[in-house]
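Asker: Sharing a structure with you now.
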Amino acid sequence: MTLKIYDSERSPNARKVRLLAAELGISLERIPLDFAKGDLRAPDYLDKNPNGTIPTIDDEGFVLWESAAVLLYLAAQKPERDLLPRDAKERALLDQWMFWYAAHVDSAFLLLAFEKVVKSFLGQPNDEAVIRAAQTRLDRFLAVLETQLEGKDHVLGKLTIADFQMAPWFDTAPRLGLDLSAYPNISRWLETLRKKPYWSTA
Ligand SMILES: N[C@@H](CCC(=O)N[C@@H](CS)C(=O)NCC(=O)O)C(=O)O
């Protein structure tokens, strides 16, 4: 199986997929796209992913975008690794945290990254109101994750794809000006994941 990923070193959303693929031993053919050169707006790419975002995967002609959907797809290729619970209630809890993160946290991280990283790269001024709104949302919802991680090594206790969905944005926290010291459980969880041999290279 040759699984292509349309990718960028700079993208935490693409990194979610690279990290999970490394954990599962799935090899990826990486196709790097350059934001600055307009690769994400090229007609050929928009045919694959009309959102013009990354990641997108192409598995022998099966094209899939949205990082959470890609994580679910990859984990389903290796059921024996048990990163996607089979028990209905455990699976429902996984879905709860995956949807929760996508709705509340991922979107706030994306806004912060756009304001603090992309705009400075483009030489555009920051919108302080957007930064404050993203920060307020993170303050609210990171407290929920902090409580969830109390006494646990992983979001659902044992390793699941929820960890891969969430951790890459936290790894970029310093670049976004986000101080994680107020979140000892999140910081501990991140340190546990960072011990994985592929974590710094995937
Ligand atoms: N919800 C999407 C978000 C994808 C996304 O926004 N990716 C960023 C990179 S981390 C991107 O492609 N940004 C370019 C743009 O919005 O034009 C996912 O999880 O895949």
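Asker: More than 21 angstrom separation, counting every C-alpha pair in segment 86-155; what % is that?
Answerer: Numbers: 953 of 2415 pairs.
Summing the P(r) tail past 21 Å for segment 86-155 gives 39 percent.
Asker: If the only charges are +1 at each Lys and Arg Cβ and -1 at each Asp and Glu Cβ, what is the size of the charge dipole of the chain around the Cα centre, to the nearest 20 debye?
Answerer: Approximately 300 debye in magnitude.
Asker: Then there's this: For the chain, with the dipole built from +1 on Lys and Arg beta-carbon atoms and -1 on Asp and Glu ones, taken about the Cα centre, which of P174, Q96, A162 lies farthest toward the positive end?
Answerer: Comparing the listed Cα positions along the dipole, P174 ranks first.
Asker: So, one more: Toward the positive end of the charge dipole of segment 21-165, about the Cα centre and with charges on Cβ (Lys, Arg +1; Asp, Glu -1), which of I131, A69, L33 goes farthest?
Answerer: Comparing the listed Cα positions along the dipole, I131 ranks first.
Asker: Restricting things to alpha carbons, find the Rg to Rh ratio for segment 89-202 using the Kirkwood radius for Rh. Before the final figure, lay out each step's value.
Answerer: Numbers: Rg = 14.6 Å, Rh = 14.9 Å.
Reported Rg/Rh, Kirkwood definition of Rh: 0.98.
Asker: Evaluate the Debye formula for the chain with equal point scatterers sitting on the alpha carbons, no solvent, and hand back log10 of I(q)/I(0) at q = 0.14 Å⁻¹, in q order, two decimals.
Answerer: Scattering profile of the chain, log10 relative to I(0): -0.86.
Asker: Something else: As a test of the formula, what do you get for the chain when each DSSP H run with n ≥ 4 contributes -39,500 (n - 2.57) and the sum is divided by the residue count, at 222 nm and rounded to the nearest 500 deg cm²/dmol? Could the numbers behind the result be given before it?
Answerer: On the way: 9 runs with 97 residues, N = 202.
-14500 deg cm²/dmol, from helical runs alone.
Asker: How far apart, in nanometres, would the label points at N126 and A36 be if each is projected 7 angstrom from Cα along the Cα-to-Cβ direction?
Answerer: With each label placed 7 Å out from Cα toward Cβ, I get 2.1 nm.
Asker: Quick one: give the max-minus-min coordinate of the C-alpha atoms of segment 116-182 along each principal axis, largest first, in Å.
Answerer: Answer, in whole Å and largest first: 43, 20, 18 Å.
Asker: OK, next. Less than 13 Å Cβ to Cβ from A108, Lys/Arg counted +1 and Asp/Glu -1: what total charge do the surrounding residues give?
Answerer: Charge balance near A108 sits at +1.
Asker: Can you compute log10 of I(q)/I(0) for segment 72-112 with the Debye formula, treating each Cα as one identical point scatterer, at q = 0.17, 0.31 Å⁻¹?
Answerer: Treating every Cα as an identical point scatterer, log10 I(q)/I(0) equals -0.55, -0.98.
Asker: For the pair K119 and H104, how long in nm is the line joining their label points, each one 7 Å along Cα→Cβ?
Answerer: Computed distance between label sites K119 and H104 equals 2.5 nm.
Asker: Regarding segment 1-114, what's the average projected area of the Cα-atom convex hull, expressed in nm²? Could you put the intermediate results ahead of the total?
Answerer: Values: hull surface 29.9 nm².
Here the figure is 7.5 nm², rounded to one decimal.
Coordinate-derived values only; no laboratory data. Keep in mind the model is a prediction, meaning the values are calculated, not measured. In this analysis, Cβ positions are derived from the backbone assuming ideal geometry, glycine residues included, and neighbour counts consider all displayed protein chains.
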